Amino acid sequence: MIKHVLLFLLVGWLISLAYFAKEEDSPSRVFRTSALKLLKYTAWTVLLGLALWGLEKLFIYPF
Amino acid sequence: MDAEQAKAKQKPRKAGFFATVFASPPSILTLMVPGLGHLYLGRAKRGVLWFLLVEALFFAGYAILGVRLWGGGMNLGTTVWGLPLNYIPEVGNFLTTFLTLKATFPLQGAPGWMDAVGLAKLPVPWEHVGFLLTALSGILNVFAAADAWWLARVEKTEGEKDPWLSTPTGAAFLSWLVPGLGQWKLGYKSRGTVQFGSITLLFLLGLVFSDFTAVDRSQVYFWYAGMLFDGGSTILSTLFFAPLRFHNTGSTMWDLGVTTTCIAGLMNVAVFLDAYTLAEKRKEAAP
């Protein structure tokens with residue numbers, strides 16, 4: 001489980017870094033921005049997943 | 001305020017992507033036949049060079065593959081409507097791909113069709129090189145179309161006299177070949193270094209996850225089209241690793257490897273478009 005989470009963070013961070021490199025000029029700011037964006041969108045994805053799971057529990061398979 | 005004043009006050013609207021590409025005869029012509037757009041613009045020498053380069057790549061690949069070329073994407077059909085999906089990225093060189101397909105592969109249900117399907121599925125020696133060459137012809141023709149579009153734009157003003165690599169298309173090409181190289185050449189060195197590091201590391205991770213077998217077009221036909229946007233890494237990996245014996249035991253790590261290399265390629269699209277934009281802004285700012 002830990003291995004998968006770390007892999008996700010590594011691959012996700014590299015993707016984020018590749019994309020946000022064009023947004024900032026200094027490498028340190030790029031590293032920071034890409035990490036923050038990754039965390040932000042990961043948090044939104046987890047929240048959305050939980051909301052969908054909750055809706056399913058409430059309305060589709062309540063028992 | 002009368003109508004004319006109101007009209008003068010309106011900001012000029014910037015053309016969108018489709019209007020830019022599809023209302024530009026030079027780029028459409030070049031997407032159909034390599035170099036035709038350049039010929040249309042009166043740049044015959046440049047057009048002939050593009051034509052020779054793109055067609056040489058396509059037919060060198062076809063000489064190795066024969067009808068095997070059509071084996072990868074044939075499951076979706078071999079009609080003109082299926083072509084843009086089936087034969088990516090060759091379809092960047094549209095008319096050559098379409099006419100060669102029609103000339104060398106029988107129609108579905110026609111005599112000899114079943115034999116041709118069998119041959120198209122049968123591996124041939126050096127097919128990794130053949131598949132790479134035909135794929136490169138499609139990718140390079142997209143750069144040729146972008147070059148024609150750029151020439152059409154600057155011809156209206158002062159004309160393009162600079163060497164090709166210093167044009168926006170040249171910068172994009174450099175970043176396609178080595179992520180960040182176009183930015184590096186334009187003076188954005190730290191940006192280019194971060195882009196190179198992140199995309200190349202992502203690609204290498206994908207190779208490691210898949211035991212170095214992810215970049216094999218005969219196995220992962222459609223994924224390969226995405227990988228090829230990271231040109232240099234994919235060319236080298238194809239030449240060195242595609243002939244390796246392939247073991248897919250259903251491992252999720254292998255799947256992750258294929259996905260990661262493909263994502264590295266697709267992320268490089270953002271990088272080479274960024275190089276294009278930077279070079280374009282520099283040209284616009286130049287006196």
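The values are calculated or read from the model by the stated rules, or taken from the named source; none is laboratory data. Treat the numbers as computed from the prediction; the structure is a model and nothing was measured. Neighbour counts are summed over all protein chains in view; Cβ atoms, including those assigned to glycine, are modelled from backbone coordinates with ideal geometry. Only protein heavy atoms, including side chains, enter the accessible area calculation; ligands, DNA and RNA are left aside. Shrake-Rupley method; radii C 1.70, N 1.55, O 1.52, S 1.80 Å.
Before moving on, here are some points about what is shown:
- Gaussian network model of chain A, springs between alpha carbon atoms under 10 Å - residue of A:Leu48, A:Leu39, A:Leu17 with greatest fluctuation: A:Leu48
- Three-way shape label, region B:99-216, alpha-carbon gyration tensor, a/c 1.5: oblate
- B:Leu239 accessible area, 1.4 Å probe, all protein chains in place, Å² to nearest 10: 80 Å²
- If only the Cβ of Lys and Arg carry +1 and only the Cβ of Asp and Glu carry -1, the dipole of chain B around its Cα centre is close to 660 debye.
- Cβ-derived FRET efficiency at R0 41 Å, B:Gln219 paired with A:Leu52, nearest 0.05: 0.75
- Estimated from the Cβ-Cβ distance and a Förster radius of 35 angstrom, the FRET efficiency linking B:Leu107 and B:Leu239 is about 0.50.
- The mean number of Cβ atoms from other chains found within 10 Å of a Cβ in peptide B:198-211 is 3, as a whole number.
- Approximate spin-label separation B:Lys121-A:Tyr61, in nm, with each point projected 7 Å along Cα-to-Cβ: 3.7 nm
- The phi-based Karplus calculation (6.51 cos²θ - 1.76 cosθ + 1.60; θ = phi - 60°) puts the 3J(HN,Hα) values of region B:31-37 at 5, 6, 10, x, x, 5, x Hz, whole numbers, x for Gly and Pro.
- Value of [θ]222 nm, deg cm²/dmol, for the protein assembly as shown, DSSP H segments ≥ 4, -39500 (n - 2.57) each, nearest 500: -22000 deg cm²/dmol
- Short-range pairs are left out: with C-alpha atoms under 8 Å and at least six residues apart, the relative contact order of region B:52-141 is 52 percent.
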